[in-house]
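The structure appears below as structure tokens.
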Amino acid sequence: MDQHEEVFGPAARYSEHHQGARITYRLSGERGKYTGTIVWVAATGSIDGHAVGITYIVVRDGAGNSIPDVVFPADILA
């Protein structure tokens with residue numbers, strides 16, 4: 001089993017953006033925008049008991065070994 005699947009859940013079968021794609025996005029509650037690479041596309045599921053749609057797991061440029069960002073489709077700018 002893929003390590004991403006163990007942490008973030010099963011891969012989405014269909015999505016607008018795909019693993020390996022570079023995107024520009026914003027994060028809720030933060031100003032500005034970020035750029036990074038999608039390392040996993042998680043299928044619809046739940047986070048802390050709340051239903052969520054597809055989420056993109058993104059390694060932010062310049063973030064080093066920090067925890068990847070969880071990005072929702074509505075927050076992708078390009």
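The smallest convex shape that holds all Cα atoms of the chain, its convex hull, gives 103 Å³ per residue.
Ligands, DNA and RNA are left out, and with a 1.4 angstrom probe the accessible area of region 25-78 is 61 Å² per residue. Rolling a 1.4 angstrom probe over the chain with all protein chains present gives an accessible area of which 51% lies on carbon and sulfur atoms. Taking amide H as placed 1.01 Å from N in the peptide plane, the amide H of residue 11 sits under 5 Å from that of 43, each at least 5 places away or on another chain.
Packing-based ranking of 19-28, 44-53 yields 19-28, 44-53, ordered from highest to lowest mean Cβ neighbour count within 10 Å.
The values are calculated or read from the model by the stated rules, or taken from the named source; none is laboratory data. As the structure is a computational prediction, the values presented were derived from the model and not from experiment. So basically every Cβ, Gly included, is an ideal-geometry build from the backbone, and we count neighbours across all protein chains shown. Heads up: the accessible areas ignore ligands, DNA and RNA and are worked out on the full protein's heavy atoms, side chains in. Shrake-Rupley method; radii C 1.70, N 1.55, O 1.52, S 1.80 Å.
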